[in-house]
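Novice: Submitted below is the structure of interest, expressed as structure tokens.
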């Protein structure tokens, strides 16, 4: 209800004014009356709170006074919306044209008119993204053609035996395994230098370009850029100018195997040779090496082998004659060796018998001397043992106790050697010849010093 004081010039409070505006907008553009709005993202903010904030303007409306729609997407909607974008292989960034559904919202404390987003048209975003991507792709191709870069890498000669391979791929992906599987199964001595890189995402284009440049400076015969299939958005990195210029400027030939059959990227157009898939890219290398091997190794080797066989056939008779001569000479020398061996064996037997007889006599002499020596040693040892036993008996504590001596120990059984080891009230045990006397220390009197 509008305020009135009964006159023609009614006065509104700020709160009343906003209340009337909100009431009007809610009745026409509120949550129950949501509408679709198309616009270009001028600014996107993915806030740490989980909410999304978008400034939308009319496409091509870049004038300073162009109307701007402050759109907000609450966390409960923004999170699932981003997940849907990832599954569809799409993204929203500054410059993206989007179609969103929502309702008008007024934030009175700031006097701000906004728009609450509740839904995003993924298909419209896909069409807009592909259209913009195609426009940029055509512009890039025209630019590269004008600079003479489309054919630059195609003029680089491919080595006859490209065994040293530089590989630009994301390790662990299907494209990587397809490429490496063909090389491993070939049985050829390929040496692969792998440059780890991402092939999808915001930094993928610059990662791929850096990897190509790095491998181009290494000792590689060829650089292969491979990636499995995906949507056009997934393969966007290979339509990027940075990747195209890296391939065009590479000093070694670059081969590509990107996507599925039918996918042609800017990287394919600039490359020395483009294969349909990572598998086909690897098969091309295997074919080139095998073709060189057949023409330069296998056929010459077969001709050389045939020539050798011909020479050997001509020498068969001569070899047979030489073999028969060797057989006669061998039998004669074996007979002579048998006679020599028998003579040496007889002499060895005679010398061995004499040596054994002499050794037996020596052993007998030593055996006769061992007995007396042992007896003398045992007698001397017995005397020494008896003397030491007598000495031990003389120092036996039991004999000292029998002579009137005693042994005193403290409560822990430790020998008391000095009055300093005792305290008044401490228990002690005195061992005598015929038993033990237990007592308690009542006083400790040190011995007087000499001369006192």
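Novice: If you scan segment 424-440, which residues turn out to be part of a loop (DSSP other than H, G, I, E, B) and either modelled with pLDDT of 85 or more or on the phi > 0 side of the Ramachandran plot (or both)? Full working, then the answer.
Specialist: Residues of segment 424-440 that are part of a loop (DSSP other than H, G, I, E, B), as a first pass: 424-426, 433-434.
If the condition is that a residue be part of a loop (DSSP other than H, G, I, E, B) and either modelled with pLDDT of 85 or more or on the phi > 0 side of the Ramachandran plot (or both), then 424, 425, 426, 434 are the ones that fit.
Novice: Checking the condition without any contact (Cβ under 8 Å) to a residue 40 or more places away in the chain, in contact with a helix residue (DSSP H, G or I) (Cβ under 7 Å, 6 or more places away or on another chain) and either surrounded by 10 or more Cβ atoms within 10 Å (Cβ to Cβ) or farther than 30 Å from residue 448 by Cα (or both), which residue from 410, 320 passes?
Specialist: On the way: 320 fails: in contact with a helix residue (DSSP H, G or I) (Cβ under 7 Å, 6 or more places away or on another chain).
That would be 410, the only listed residue that is without any contact (Cβ under 8 Å) to a residue 40 or more places away in the chain, in contact with a helix residue (DSSP H, G or I) (Cβ under 7 Å, 6 or more places away or on another chain) and either surrounded by 10 or more Cβ atoms within 10 Å (Cβ to Cβ) or farther than 30 Å from residue 448 by Cα (or both).
Table: residues versus (1) at positive phi; (2) assigned by TED's automatic domain parsing to the domain that holds residue 81; (3) surrounded by fewer than 16 Cβ atoms within 10 Å (Cβ to Cβ); (4) modelled with pLDDT of 95 or more.
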site: 129; (1), (2), (3), (4): no, yes, no, no
site: 140; (1), (2), (3), (4): no, no, no, no
site: 143; (1), (2), (3), (4): no, no, yes, no
site: 169; (1), (2), (3), (4): no, no, no, no
site: 172; (1), (2), (3), (4): yes, no, yes, no
site: 176; (1), (2), (3), (4): no, no, no, no
site: 216; (1), (2), (3), (4): no, no, no, no
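Novice: Looking at segment 32-48, is at least one residue over 22 Å from residue 236 (Cβ atoms), at pLDDT 85 or above, under 38 Å from the mean Cα position of the chain (by Cα) and part of a loop (DSSP other than H, G, I, E, B)?
Specialist: Checked against the condition, which is being over 22 Å from residue 236 (Cβ atoms), at pLDDT 85 or above, under 38 Å from the mean Cα position of the chain (by Cα) and part of a loop (DSSP other than H, G, I, E, B), segment 32-48 yields at least one hit.
Matching residues to (1) assigned to a loop (DSSP other than H, G, I, E, B); (2) touching a helix residue (DSSP H, G or I) at 6+ places or on another chain (Cβ under 7 Å); (3) under 30 Å from residue 200 (Cβ atoms); (4) at pLDDT 85 or above:
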residue: 1; (1), (2), (3), (4): yes, no, no, no
residue: 63; (1), (2), (3), (4): yes, no, no, no
residue: 72; (1), (2), (3), (4): no, no, yes, yes
residue: 83; (1), (2), (3), (4): no, no, yes, yes
residue: 109; (1), (2), (3), (4): no, no, no, no
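Novice: Residues in segment 236-256 that are part of a helix (DSSP H, G or I), free of Cβ contacts under 8 Å to residues at least 40 places away in the same chain and touching a strand residue (DSSP E or B) at 6+ places or on another chain (Cβ under 9 Å): how many? Reasoning before the result, please.
Specialist: We begin by selecting, within segment 236-256, every residue part of a helix (DSSP H, G or I); these are 236-239, 241-248.
Next, from what is left, pick out any that are free of Cβ contacts under 8 Å to residues at least 40 places away in the same chain: 237-238, 242-243, 246.
Narrowing further to those that are touching a strand residue (DSSP E or B) at 6+ places or on another chain (Cβ under 9 Å): 237-238, 243, 246.
Final tally of qualifying residues: 4.
Novice: Further, regarding this structure: I'd like to know if segment 51-58 contains one or more residues that are within 37 Å of the chain's Cα centre (by Cα), assigned to a strand (DSSP E or B), at pLDDT 80 or above and surrounded by 14 or more Cβ atoms within 10 Å (Cβ to Cβ). Let's see the steps before the verdict.
Specialist: Of the residues in segment 51-58, the ones within 37 Å of the chain's Cα centre (by Cα) are 51-52.
If we keep only those that are assigned to a strand (DSSP E or B) as well, we get 52.
Now narrow it down to the ones that are at pLDDT 80 or above: 52.
Okay, now just the ones that are also surrounded by 14 or more Cβ atoms within 10 Å (Cβ to Cβ), so 52.
Yes, the conditions are met somewhere in segment 51-58.
Novice: Now for a separate question. Test residue 220 against the stated conditions and say whether it is touching a helix residue (DSSP H, G or I) at 6+ places or on another chain (Cβ under 6 Å) and within 14 Å of residue 164 (Cα to Cα). Talk me through it step by step, then tell me what you get.
Specialist: Working: touching a helix residue (DSSP H, G or I) at 6+ places or on another chain (Cβ under 6 Å): no; within 14 Å of residue 164 (Cα to Cα): yes.
Considered against the rule, which asks whether it is touching a helix residue (DSSP H, G or I) at 6+ places or on another chain (Cβ under 6 Å) and within 14 Å of residue 164 (Cα to Cα), residue 220 comes out as no.
The values are calculated or read from the model by the stated rules, or taken from the named source; none is laboratory data. Every value quoted in this text rests on a predicted model; they were computed, and no experiment measured them. Every residue, glycine as well, gets a Cβ built from its backbone with ideal geometry; the counts of neighbours run over all protein chains shown.
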